Amino acid sequence: MLLKMRINEDTLLEGEKVVLVPYNADHVPRYHQWMCSPELQKLTASDPLTLEQEYDMQRCWREDDDKCTFIILDKQKWADPSIPEQECMVGDVNIFLTDPSDPSLAELEIMIAVPCYRGKGLGKEVTRMMMCYGVHKLGIQKFEVKIGLDNKISIAMFKKFHFRELSISEVFQEVILGVTVNEALQKHVFGNMDFMLQREYGKARDSRQAPFTPLSL
């Protein structure tokens, strides 16, 4: 039986540089703007969609039982209530189950869509956060990633998380890396898990949008 991946529909994960929030309809216009980029279409092996199709896709990702998606926000920007949440978006991360007979196996995808945020350690932090969430909240024990052969930086990053090469496709020009979670990996990657906080997204978003009330003296 597939996991109920919608467990994250009111979950906010806070790291040092990023905040991860559920992918909702408010995020779609910015996301659609990103995915009009030929570069991102190539990196994600995606076909261009209309805005209406992107809304349909967002609903699919929120409602399907085999997908768990977060939008990546710039934590520093998000801390400023005057900046709309959509303007804090820098990418997305998702876990999806690939084998109905094995709900402990999942594919992990990370996209830092805004170029100026690449190479600053966000991908590494998001990987650590999402793997931790997948293990402790979704019961994932085996992760796989598919990466273009020319994306040396991403390949090197996942190898730091003990991912190993499983196969190479010359046809698709991609490598599949995988890792099985064990006690040693959890200790090495997650430690005591003080690198991440979990909060209720709805309350955090509402408090961020609440009007400022000056202190009465």
Once phi is turned into ³J(HN,Hα) by the Karplus curve 6.51 cos²θ - 1.76 cosθ + 1.60 with θ = phi - 60°, what whole-Hz value does each residue of segment 30-35 show in order, with x for glycine and proline? 5, 4, 4, 4, 4, 6
Tell me the carbon and sulfur percent of the accessible area for segment 23-174, rounded to whole percent, probe radius 1.4 Å. 53
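About the Cα centre of segment 118-179, how large is the charge dipole given +1 on each Lys and Arg Cβ and -1 on each Asp and Glu Cβ? Please answer in debye to the nearest 20. Please report the intermediate quantities before stating the final value.
Numbers: 11 positive and 6 negative charges, 76 e Å.
Once rounded to the nearest 20, the dipole reads 360 debye.
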Helix 51-63: inclination vs the chain longest Cα principal axis, degrees, rounded to 10, gives 80
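Given a 1.4 Å probe, how much area per residue of segment 1-77 is accessible, in Å²? Present the calculation step by step, with values, prior to reporting the outcome.
Working: 4140 Å² over 77 residues.
With all protein chains present, segment 1-77 gives 54 Å² per residue.
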Using only protein heavy atoms and a 1.4 Å probe, report how much of Ile168 is accessible, in Å² to the nearest 10. 80
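Using a Förster distance of 22 angstrom, determine the FRET efficiency expected from the C-beta separation of Ile176 and Arg208, and round it to 0.05. Mind showing how you got there, number by number?
Numbers: r = 39 Å, r/R0 = 1.77.
It comes out at approximately 0.05.
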Answer label, with log10 I(q)/I(0) by the Debye sum over Cα atoms at q = 0.10, 0.12, 0.14 Å⁻¹ calculated from the coordinates and candidates (1) -0.45, -0.65, -0.89; (2) -0.49, -0.72, -1.00; (3) -0.38, -0.55, -0.77: (1)
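At 1.4 Å probe size, put Asp206, Asp47 in order of accessible surface, largest to smallest. Can you show the working numbers first?
Details: Asp206 85, Asp47 125 Å².
Accessible-area ranking of Asp206, Asp47, largest first: Asp47, Asp206.
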If the cut-off is a Cα-Cα distance under 21 Å, which lysines reach Lys160, setting aside same-chain residues fewer than 8 apart in sequence? Lys17, Lys120, Lys124, Lys142, Lys146, Lys152, Lys187
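Placing +1 at every Lys and Arg Cβ and -1 at every Asp and Glu Cβ, with all other atoms neutral, what dipole size does the chain have around its Cα centre, in debye to the nearest 20? Write down the numbers at each step before the final one.
Working: 26 positive and 33 negative charges, 164 e Å.
So the magnitude is around 780 debye.
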FRET efficiency (Leu105, Ala156; Cβ distance; R0 22 Å; to 0.05) is 0.40
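Kindly provide the helix-only [θ] at 222 nm of the chain, computed as the sum of -39,500 (n - 2.57) over DSSP H runs of four or more divided by all residues, to the nearest 500 deg cm²/dmol? Intermediate results must be reported in sequence, preceding the final value.
Details: 8 runs with 74 residues, N = 217.
Rounded to the nearest 500, the figure is -9500 deg cm²/dmol.
The values are calculated or read from the model by the stated rules, or taken from the named source; none is laboratory data. Remember, predicted model here, so these are calculated numbers, not experimental data. Please note: Cβ atoms are built from the backbone with ideal geometry, for glycine as well, and neighbour counts cover all protein chains shown. Areas reflect the complete protein model, heavy atoms only, side chains present, ligands, DNA and RNA absent. Shrake-Rupley method; radii C 1.70, N 1.55, O 1.52, S 1.80 Å.
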